[in-house]
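Asks: Please see the structure below; I have some questions.
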Amino acid sequence: MSFVRTILGDVAPASLGVVDAHDHLIRVGAGEVYLDPDHQLDSVEKAVAEARRFVAAARAWAPVGGTVVDMCPIDCGRDLDKLAQVARAVDGLRVIAATGFHRQQVYLETQSHWISRYPVERIAELVLADIRQGIDRHDYAGPIIERTAHRAGVIKIATSYGTITAFERKCAEAAAAAALESGCPINTHTTAGTCGLEQAQLLIGLGVPADQIAIGHIQRNADLYVLRQILETGVYLEIDGTARIKYQPDANRIMALRELGRLGHGDRLLLGTDSGKRSYQKAYGATTGVDYNPAVDGPRLLAEGFERAYVEQLLMTNAQRFFSFRREA
């Protein structure tokens, strides 16, 4: 029987309700925060407020509520104790936590980082331990490992702008090995929508089944020809980055969802918001937030003539299927 691994235990896919396939509720420092302090999301109180708004909007579509996939990976500011506080405080909320890796830049000094010094096999063991045993309370940032009871339910990989560095390829190799061993899905970060096809080809070449891979932030490349190329490999696409007018209007995301659905790819599209900065969350004073997909996208899609069944597929059923493990982990 299929299952999804949340931080409070394994659940049935249908119980996820509306799924935000890529977001951030808690981040307590590390490289991204050093590069841009706006990424610091260390308040449990504010994360609870943000999550409650999301669940309230999700319940317009699914009485069970919704699920946030928190995509903060290894040594990037994970705090599972805080994240579990949020999950327990909000009725109707499920949280999936990530293991895996960010792009090279986020690790600041990569020559001395343990990812550079350990062999792929040992790194894959650490990813598997996050999935099977529990995520390290110290986020693999120090010599002491103290596992929490909260296990990872998705693996992240990431690549740089227009290139996959040797460091990032090593991370992908470890992630692929862990995914093959556990059946855990892989959800990726592309930088400004680049290297999406190359990510898919790399992971598939490493043996990961295509339907176990989602290529993230790909809406930043609003080129339908390229998006179709990626989809033809059999992977999922994650359309996130809501209300990022500084990059492109939301109309581009809507156009992609409409056209890719018309072309028969609607069953492999995921929605997320990637509201991973204080300036992107209502709890910190922004005008948009984690609730954007069910609160804004869903009603807009209906208003623009999308069939309700397709909107529900985008908000719920595609992600419920994708985040299910492919075998017992």
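Asks: Can you give me the long-range amide H partners of Asp136? Hydrogens built in the peptide plane at 1.01 Å from N, cutoff under 5 Å, separation of 5 or more residues or another chain.
Replies: Thr148
Asks: Moving on to the next point. How far, in nm, would the chain grow between Tyr118 and Leu206 when pulled straight, counting 0.36 nm per residue and subtracting the alpha carbon separation?
Replies: 29.8 nm
Asks: On to the next question. What distance in nm lies between label points placed 7 Å from Cα along the C-beta direction at Ala309 and Gln85?
Replies: If labels sit at Ala309 and Gln85, their model points lie 4.5 nm apart.
Asks: Between Arg169 and Glu259, what's the calculated FRET efficiency when r is the beta-carbon distance and R0 is 30 Å? Round to 0.05.
Replies: About 0.40, to the nearest 0.05.
Asks: Near Lys46, which lysines are there with a Cα under 29 Å away, not counting those fewer than 8 places off in the same chain?
Replies: Candidates past the 8-residue exclusion: Lys82, Lys156, Lys246, Lys277, Lys282.
Asks: Of the trypsin sites (Lys or Arg not before Pro) in region 238-329, which ones lie in a loop per DSSP and count no more than 15 other C-beta atoms within 10 Å?
Replies: Filter output for region 238-329: Lys246, Arg327.
Asks: Which of Pro185, Pro249, Pro294 moves most in a GNM of the chain, Cα contacts under 10 Å?
Replies: Highest fluctuation of the listed residues: Pro249.
Asks: Then there is this: All other residues with a Cβ under 9 Å from the Cβ of Ala58 taken together, and with Lys, Arg as +1 and Asp, Glu as -1, what is their net charge?
Replies: Result for the local shell: -1.
Asks: If you don't mind, there's one more thing I want to ask. Suppose each label sits 7 Å from its Cα in the direction of the beta carbon; what would the Glu109-Ala60 distance come out to in nanometres?
Replies: 4.9 nm
Asks: Counting other C-beta atoms within 10 Å, which of Asp10, Asp291, Asp79 has the fewest, and how do the rest follow?
Replies: Taking fewest neighbouring Cβ atoms as first place, the list is Asp10, Asp79, Asp291.
Asks: Next up: Specify the inter-centroid distance of region 268-302 and region 108-124, based on alpha-carbon positions, in whole Å.
Replies: 34 Å
Asks: Another question, if that's okay. Please go through region 257-329 and write out the GluC sites (Glu not before Pro) that DSSP classes as loop and that have at most 13 other C-beta atoms within 10 Å.
Replies: Listed in order of number, the matching sites are Glu304, Glu307, Glu328.
Asks: Take Thr191, project a point 7 Å from its Cα along the Cβ direction, then tell me which residues of region 141-175 have their backbone nitrogen under 16 Å from it.
Replies: Under cut-off, by backbone N: 157-172.
Asks: Something else about it: Loop sites only, by DSSP: take the chymotrypsin sites (Phe, Trp or Tyr not before Pro) in the chain that have at most 15 other C-beta atoms within 10 Å and name the longest stretch containing none of them.
Replies: Result, exposed sites excluded: 1-160.
Asks: If you don't mind, there's one more thing I want to ask. For Ile157, Ile144, Ile135, Ile254, which order do you get if you count the other beta carbons within 10 Å of each Cβ and list the fewest first?
Replies: Final ranking by Cβ density, sparse to dense: Ile144, Ile254, Ile135, Ile157.
Asks: Taking the Cα-to-Cβ direction at Asn252 and at Asp10 and moving 7 Å from each Cα, how far apart do the two end points lie in nm?
Replies: That separation, rounded to one decimal, is 4.1 nm.
Asks: Each residue of region 22-36 in turn: what ³J(HN,Hα) in whole Hz from Karplus with 6.51, -1.76, 1.60 and θ = phi - 60°, glycine and Pro shown as x?
Replies: 7, 7, 8, 9, 10, 8, 10, x, 6, x, 4, 5, 4, 6, 8
Asks: Right, another one. Using the Karplus equation 6.51 cos²θ - 1.76 cosθ + 1.60 (θ = phi - 60°), what ³J(HN,Hα) coupling, rounded to whole Hz, does each residue of region 155-172 give in order, writing x for Gly and Pro?
Replies: With the stated coefficients, region 155-172 comes to 10, 10, 10, 8, 9, 7, 5, x, 7, 10, 6, 4, 4, 5, 5, 4, 4, 5 Hz.
Read the figures in this text as sums done on the coordinates, not as results from a lab. Just so it is clear, the model here is predicted, and its values are computed rather than measured. With ideal geometry, Cβ positions are generated from the backbone for all residues, glycine too; neighbour counts draw on all protein chains shown.
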